[in-house]
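Only one structure is covered here, and it is reproduced in the block below.
The values are calculated or read from the model by the stated rules, or taken from the named source; none is laboratory data. Predicted model, so just to flag it, every value in this text is computed and none were measured. Because the Cβ atoms are built from the backbone with ideal geometry, glycine has one as well, and the counts that use them run over all protein chains shown. Areas reflect the complete protein model, heavy atoms only, side chains present, ligands, DNA and RNA absent. Shrake-Rupley method; radii C 1.70, N 1.55, O 1.52, S 1.80 Å.
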Amino acid sequence: MGRASTKPSPANQMMADVDTSFRPEVDINLGVGYVNEDTIPRHLWSQSLDKVLANPQSYPLALNYGGPNGTPYLIESIRRFYHQQHLCETNLDVLAGKQILIGASGATSLLDAIASTIKTGIVLTADPIYYIFADLLERLGFDVIAVPEDQHGIRTEHLQKTIESLGDKKKRIRFMYIVTVNNPTCSILSNQRRQDLVQIASNLSNQLGRKVPLVLDTAYEMLIHDSQVQSPQSSFPNDRLGITYEIGTLSKILAPALRIGYMIGSASPLTNAVIQRVSDVGFSAPVLNQAMASYLLDHHIDEQLQSVHDAYRKKALRVRKALEEGLGDALEECRGGSGGFYYYLTFKKVQTHTQSAFFQYTNRSTGDPLIDGPKHAKYPKVAYVPGEYCVHNHGHLVQRGRRQFRLSYAFENTHRIEQAINILNDACQYAS
Ligand SMILES: Cc1ncc(COP(=O)(O)O)c(C=O)c1O
């Protein structure tokens, strides 16, 4: 783990580049997963800070250390929020039997807690992969096996066959990790597939004589902004063994800076180990943030969710139109647009990987000043996530990944995204 971590992962490198080398108002960032700044309710933040500090009876010890389970009032706010929003059609009875705990620093820290407390072995996931977590798992020594998805999420019949094909190695399967609105593709896991996953994990648990957790990462599930999509149904009622754990976050609907992520699941040794890990790395999430999150969930979440959905819906539609007009002829497939804030694009022919002409054009590193611009005033760069980072490097999609890329419509405003799509179109012509 130490040796493997001495080199930055692609995600780490991209986030560092944004911080250091991106020129604001010049370069266009369709790469990193930052949310849209306009969806962050700044005025509600200052209001919540005032309320929390003025009400120590409701929000005790807000500026002190906290306990590793998370503050009871935030846990209750999340429970109420799930019930009121009919999130995952989860009712209070189902939730009452589950434990909710708060991560030390967002959903990321809960994923880290799971990866660092479960013995290394095989993790099953969908391809394209959530490359940030897959990278961590591999550095820790896990073998990630990625099973292709389609527009309804991981292909569960393929997953079943993959498990069977492992033969005796099946014993090394430790858990399944599925992102319900996938990052990078924003494919939404269908309710049928969700139930299939519970069934597959349950059968496997019975066969192996131990529980194989099904970890559902719901980071973008509250960001399904297309009203035509069937609302996700909870896996909990079908999960008789208590093996499903949902990991959610308030990053996408309130603000990443809160760093509030939570896990919902049965009380179990795994839950206890995750709580211990929260304690080990930071005692708790900052109590002040937990208190502000609780206040915001209790008082303003309806209007906030509505405005976030409206903002991303509008952008998704405009960007889709721009993609069809600008890149339509070159594209083989376009995924996303109903939830989350990414489009995942596959070109018919053009390669997108970091050695490709397309990449060099968008990165202004062709070496031709007519394309790159003058040395000290280069033309605008467009950053995207190349598909080569998004598909598993031992999976079935390696070749296809070299023609794919993830484009975020969250961070930049729509006008600049349209400008970027024109540059991508020019890059296509150059590469062809
Ligand atoms: C699939 C997925 N899970 C988890 C996270 C991280 O969430 P948090 O900000 O709560 O750490 C992200 C962030 O983009 C994500 O895409």
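What are the residues in segment 1-22 that are over 17 Å from LEU407 (Cα atoms) and in contact (Cβ under 8 Å) with a residue 12 or more places away in the chain, if any?
MET1, ALA4, SER5, SER9
Of everything in segment 218-261, what is near the ligand (Cβ under 10 Å from one of its atoms) and assigned to a loop (DSSP other than H, G, I, E, B)? Give them in sequence order.
Passing the criteria: THR218, ALA219, TYR220, LEU250, SER251, LYS252, ALA255, ARG259, ILE260.
Could you tell me whether GLU89 is at positive phi, charged (D, E, K, R) and at pLDDT below 90?
yes
Given the options THR362, THR346, name the one that is surrounded by fewer than 23 Cβ atoms within 10 Å (Cβ to Cβ), touching a helix residue (DSSP H, G or I) at 6+ places or on another chain (Cβ under 8 Å), touching a residue at least 12 places away in the same chain (Cβ under 8 Å) and under 23 Å from ASN183 (Cα atoms).
Just a single option satisfies the conditions, and that option is THR346.
Would a scan of segment 322-333 turn up a residue that is without any contact (Cβ under 8 Å) to a residue 40 or more places away in the chain, surrounded by 16 or more Cβ atoms within 10 Å (Cβ to Cβ) and either outside any helix (DSSP H, G or I) or in contact with a His (Cβ under 8 Å, 6 or more places away or on another chain) (or both)?
Yes, there is a match, as at least one residue in segment 322-333 is without any contact (Cβ under 8 Å) to a residue 40 or more places away in the chain, surrounded by 16 or more Cβ atoms within 10 Å (Cβ to Cβ) and either outside any helix (DSSP H, G or I) or in contact with a His (Cβ under 8 Å, 6 or more places away or on another chain) (or both).
Can you tell me how many residues within segment 283-296 are part of a helix (DSSP H, G or I) and either under 15 Å from GLY70 (Cα atoms) or among the β-branched types (Val, Ile, Thr) (or both)?
Qualifying residue count for the region: 9.
With respect to the numbered conditions (1) out of contact with any Lys or Arg (no Cβ under 8 Å at 6 or more places or on another chain); (2) in contact (Cβ under 8 Å) with a residue 60 or more places away in the chain, which one is the sole condition not fulfilled by PRO148?
Result: PRO148 fails condition (1) only.
Scan segment 33-64 residue by residue and report those that are in a loop (DSSP other than H, G, I, E, B) and within 16 Å of the ligand (Cβ to nearest atom).
Scanning segment 33-64 gives GLY33, TYR34, VAL35, ASN36, ILE40.
Being within 18 Å of ARG42 (Cα to Cα), without any contact (Cβ under 8 Å) to a residue 60 or more places away in the chain, among the aliphatic types (A, V, I, L, M) and surrounded by 15 or more Cβ atoms within 10 Å (Cβ to Cβ) narrows it down to one residue among LEU250, LEU296; which is it?
After ruling out the rest, the residue left standing is LEU250.
Can you tell me which residue in segment 96-106 is modelled with the lowest pLDDT, limited to those that are under 27 Å from PRO237 (Cα atoms) and assigned to a loop (DSSP other than H, G, I, E, B)?
Step by step, filter segment 96-106, then rank; the result is GLY97.
Does segment 376-404 hold any residues that are under 27 Å from ASP310 (Cβ atoms) and either in a loop (DSSP other than H, G, I, E, B) or of a type in the set (Phe, Trp, Tyr) (or both), and which are they?
The answer is TYR384, and nothing else.
Among the residues of segment 27-36, is any of a type in the set (S, T, N, Q), surrounded by 13 or more Cβ atoms within 10 Å (Cβ to Cβ) and assigned by TED's automatic domain parsing to the domain that holds LYS314?
Within segment 27-36, one or more residues are of a type in the set (S, T, N, Q), surrounded by 13 or more Cβ atoms within 10 Å (Cβ to Cβ) and assigned by TED's automatic domain parsing to the domain that holds LYS314.
For the condition within 22 Å of the chain's Cα centre (by Cα), open to solvent by 10 Å² or more (accessible area, probe 1.4 Å) and modelled with pLDDT of 95 or more, what is the one hit in GLN276, GLN306?
Of GLN276, GLN306, the one residue that is within 22 Å of the chain's Cα centre (by Cα), open to solvent by 10 Å² or more (accessible area, probe 1.4 Å) and modelled with pLDDT of 95 or more is GLN306.
Can you tell me which condition GLN355 does not meet? The list is (1) assigned to a loop (DSSP other than H, G, I, E, B); (2) polar (S, T, N, Q); (3) touching a residue at least 12 places away in the same chain (Cβ under 8 Å), and all the others hold.
(3)
Would it be correct to say that GLU25 is acidic (Asp, Glu), away from the ligand (no atom under 16 Å from the Cβ) and closer than 25 Å to ASP217 by Cβ?
no
Within segment 129-217, which helices (runs of 4 or more DSSP H) (wholly inside it) include 2 or more residues that are over 15 Å from GLY395 (Cα atoms) and either in the same structural domain as GLY337 (by TED's automatic domain parsing) or within 13 Å of the ligand (Cβ to nearest atom) (or both)?
In segment 129-217, 131-140 are the helices (runs of 4 or more DSSP H) which contain 2 or more residues that are over 15 Å from GLY395 (Cα atoms) and either in the same structural domain as GLY337 (by TED's automatic domain parsing) or within 13 Å of the ligand (Cβ to nearest atom) (or both).
Among the residues of segment 266-284, count how many are more than 16 Å from the ligand (Cβ to nearest atom) and closer than 23 Å to MET176 by Cα.
Result for segment 266-284: 10.
Would you mind finding the one in SER116, SER109 that is part of a helix (DSSP H, G or I) and either more than 25 Å from GLY282 (Cα to Cα) or more than 14 Å from the ligand (Cβ to nearest atom) (or both)?
SER116
Please list, ordered by first then second residue, the pairs with beta carbon atoms under 7 Å, 6 or more apart or interchain, first in segment 129-145 and free of Cβ contacts under 8 Å to residues at least 40 places away in the same chain and closer than 16 Å to GLY33 by Cα, second acidic (Asp, Glu) and more than 13 Å from the ligand (Cβ to nearest atom).
If the second residue must be acidic (Asp, Glu) and more than 13 Å from the ligand (Cβ to nearest atom), no pairs are left.
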